[in-house]
Structure formats: structure tokens, C-alpha cells
Amino acid sequence: MTRLVFDHALGLDEDSLHDIVVILSERLRAHPRLRCPLDRVVGNRWSEFEHGLAHFLAALSARTGDHGGGLSAFAPG
């Protein structure tokens, strides 16, 4: 049976989650087609974005339902 990425049996801890967020953030910044749209949405708030992403992934992992606003939280009001 295929396991979900956030299956607790896989042992996703805070350090692993941080590593995932850092790697994903680096890849998003380097992606030629995604960088420009993300610059418009995230701007110079990458640290805030990474913190929010870590919170989002932790909430998914813990199944708390506290997923926050995701990328829509960065959209101009």
C-alpha cells in the first residue's frame, strides 16, 4: 500500500519539515517559470512565506485543520 507523504510512520519531525521547506523554497526561487509570479505574490517576504509553508505542512501532517490561508494570504488586499 502506498503511504501518504505525511504518514506519521515515515517519521516527519520538525527538522525534516524544515529541510523540506528550505529545499522547496530554493527550488521555487530557481524555477524559471515560477519565479516571476512568485515574486509578485511573495515579493521580498520569503522568510514569512517559508514560515507559513512550514506551518501549513505541519498542520497537514498533524491533521489539525489549521492550514491557514496558504498562498492566498500573500495576495494583495
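Residue 47 to residue 23: FRET efficiency via 1/(1 + (r/R0)^6), r the Cβ-Cβ distance, R0 25 Å, to the nearest 0.05?
Values: r = 16 Å, r/R0 = 0.62.
It comes to 0.95.
Quick check on the stretch 12-64: what does the Kirkwood estimate of hydrodynamic radius come out to from the alpha carbon pairs, in Å? Numbers along the way, then the final one.
On the way: mean 1/r = 0.0858 Å⁻¹.
Taking every pair of different Cα atoms in the stretch 12-64, averaging 1/r and inverting gives 11.7 Å.
We did not get these values from a lab; they are worked out from the coordinates using the rules stated. Nothing here was measured: the structure is a model prediction, and the numbers come from that model. Glycine gets a Cβ as well: all are built from the backbone with ideal geometry, and neighbour counts include every protein chain shown.
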